[in-house]
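Participant: Quick one: structure below, then a few questions.
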Amino acid sequence: MNIHEYQAKDLMASYGLPTAKGIVAVSPEVARAAAQKIGGDLWVVKAQVHAGGRGKGGGVKIAKSPDEVRELASEIIGMQLVTHQTGPQGKKVSKIYVEEGSSIERELYLSLLVDRASSRISFIASTQGGMDIEKVAVDTPDKIISIDVDPASGISGFHGRQIAFALGLSGEAFKQCIKLVAGLYKLFLEKDAALIEINPLVVTGDGNLLILDAKMNFDDNALYRHKDIMELRDIDEEEPTEVEAASFDLNYVKLDGNIGCMVNGAGLAMGTMDIIKLEGAAPANFLDVGGGATKEQVFNAFKIILSDPNVEGILVNIFGGIMRCDIIAQGIVEAAKGMDIKVPLVVRLEGTNVALGKQILKDSGLAIIPADDLGDAAKKVVAAVKA
């Protein structure tokens, strides 16, 4: 689950980490009042969307008076912000963050993530802050360092010093970096985060560290024990069909292809998507109905798949281990009759009660294309769509 910049900074501030004063606003007048409350003579007006690259898309601007804050807020609120992370469709901005201006001496990069290779929390640091870290990794990989933390011994001052040296810090900023690293690790661990990214982390004109931009996301599987984090969820920032699918206990991710997929099991779903690509088409979604899907879930899965106007064909790939193929077949038939499916529908069933399941499909009188195996299914659905 992702959260907004202002929410991430509130969390960081609660752990004693250095953030600038800022106030979230949903209207130009509220933004102007926020600037007056913050004080000073320079403010930054930032679009709040779940995407990076906001500055390049026109979503981050500098104001030198409360009236200018109001003018910029009126331009940004309601705009369709397009960045390299939103895709060409962009994201609508419904709120902004008004933050006090800062004197910037240097821009650095610091993040924490779960390194699946080492099964540890890893710090990533670079002196090339404020830039696309992916580009830095490709062009100048020597500018990036990675430090793993052994979960048995935990975080220590050594890690903070190692990162401070790598970032070329000295004096007060060096000491603050040690405290910052310890605080970030504590926050990451206690809130079951999946990613904390600070870009840039800046050294101010007076030699202090300041978190200028922050991104956080969390492990969905651990949210049940963090009601405070759940309350930060912004459903308006999520794909509507994905929100709807979650309400039916379906694991659905919208993609850009033309072949709708309904599969039981994440691994099998990924294999199905791969073989569709191998046959020259592209999956329109990832959809895992789980190991014990009901007829109602199958019906709702079809409804969600067909809500995507890009879908030109559907491939159902079910392996009946816990799930019975006859139950799935009944759900497919009911859905096909209830929704008048007009795109090619290819079904591959295998496992428990497979013979009964295939017979149900055959006796339905519907134009369902049966497949013997996954390769056969992919070939048939791609051929049917091209035809």
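Participant: May I ask for the distance between the Cα centers of the stretch 114-137 and the stretch 223-237, given as a whole number of Å?
Facilitator: 25
Participant: Would you kindly derive the ³J(HN,Hα) couplings of the stretch 143-151 from the backbone phi angles with the Karplus curve 6.51 cos²θ - 1.76 cosθ + 1.60 (θ = phi - 60°), listing them in order in whole Hz, with x for Gly and Pro?
Facilitator: 7, 10, 10, 10, 10, 8, 10, 5, x
Participant: Mind putting a number on the dipole of the stretch 116-252 about its Cα centre? Charges go on the C-beta only, +1 for Lys and Arg and -1 for Asp and Glu, and I need it in Debye to the nearest 20.
Facilitator: Approximately 980 debye in magnitude.
Participant: Classify the stretch 1-43 as rounded, prolate or oblate, taking a ≥ b ≥ c as the square roots of the eigenvalues of its Cα gyration tensor: rounded when a/c is under 1.5, otherwise prolate if a/b is larger than b/c and oblate if not.
Facilitator: oblate
Participant: Taking θ as phi - 60°, what are the ³J(HN,Hα) couplings along the stretch 79-94 by the Karplus curve (6.51, -1.76, 1.60), each to the nearest whole Hz, with x for Gly and Pro?
Facilitator: 6, 9, 7, 10, 10, 5, 9, 8, x, x, 6, x, 9, 6, 8, 10
Participant: By how many nm would the segment from residue 158 to residue 10 grow when fully extended, if each residue of separation counts as 0.36 nm and the alpha-carbon distance is taken off?
Facilitator: Here the answer is 50.6 nm.
Participant: While we're looking at this one, here's another question. Per-residue HN-Hα couplings for the stretch 196-205, Karplus 6.51 cos²θ - 1.76 cosθ + 1.60 at θ = phi - 60°, whole Hz, x for Gly and Pro?
Facilitator: 10, 10, 10, 8, x, 9, 10, 9, 7, x
Participant: Here's something else I'd like to know. Can you list the residues, at least 5 places off or on another chain, whose amide H is less than 5 Å from the amide H of residue 3, using H built in the peptide plane?
Facilitator: Excluding prolines and chain starts, which carry no amide H, the hits are 216.
Rule-based calculations on the coordinates, nothing more; no lab input. Nothing here was measured: the structure is a model prediction, and the numbers come from that model. Quick reminder, even Gly has a Cβ in these numbers, built from the backbone with ideal geometry, and neighbours come from all protein chains shown.
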